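Heads up, the thing below is written out as structure tokens.
Coordinate-derived values only; no laboratory data. Just so it is clear, the model here is predicted, and its values are computed rather than measured. Ideal geometry is used to build each Cβ from the backbone, glycine not excepted, and the neighbour counts take in all protein chains shown.
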Amino acid sequence: MDKESDHLKDMWQNARRDDKSESPDAQKIVAIAKQQIRSNIKLQLSTIAILTITALGLFGFFIYVAQFLHTLSHIGEALMIGGLVVRIIIELFSIYKSSNIDLTKSALSSSNESLAYTEFRKQINGPVTIVILILYTIGFYMLTPEFSLHFSTPVMILMDLSYIIAAAIFSFFIRLGIKKENKILKEILRIQNDITGEVEPKNIKT
């Protein structure tokens, strides 16, 4: 990737010397950056699909299998499904934002847009994701009192421990997805920083 980035920088410098905004080299650089954005959108669409299936599964479970009666349980249901729905909406908004980054603008302008979008995704993949996971977990354990009316103590302990294990595995895969997305975002900024002649971005951890 370093060789490709150096090649992109050389192409952009040649394009700037030609002073033609529509030169073939400039167009190729924009095309590669767009390809990176499309890769990121595919990741977000995969996330939306997984979250949607999970939310629908929970909804069906609460409606047709476990029809909870207590207010505490209903709050737990709302936290679990609501957190997933909020994240789905955020992902859809993220796709909208990334789709509206205009790479045909001046290099500095499009770089600023990409940087703003990257900072936005850092907040989503960091604090927002953590809060949603915490609320989801709280929601799950709010179902425990009503579950305990129908299951024995050993079964309840097994259920609660199973959730911890499942949550740990799920968090691991979430982390892998975030690292992959951060790598793509870093490469987008790297391409555009090469265009503007700035140093490689150091504020995105992979």
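Average 1/r across all pairs of distinct alpha carbons in the range 28-102, invert it, and you get the Kirkwood radius: 14.3 Å.
With a simple spin-label model that places each label point 7 Å from the Cα along the Cα-to-Cβ direction, the separation between residue 38 and residue 141 comes to 4.6 nm. The phi-based Karplus calculation (6.51 cos²θ - 1.76 cosθ + 1.60; θ = phi - 60°) puts the 3J(HN,Hα) values of the range 115-127 at 5, 4, 5, 5, 4, 4, 5, 4, 5, 5, 6, x, x Hz, whole numbers, x for Gly and Pro.
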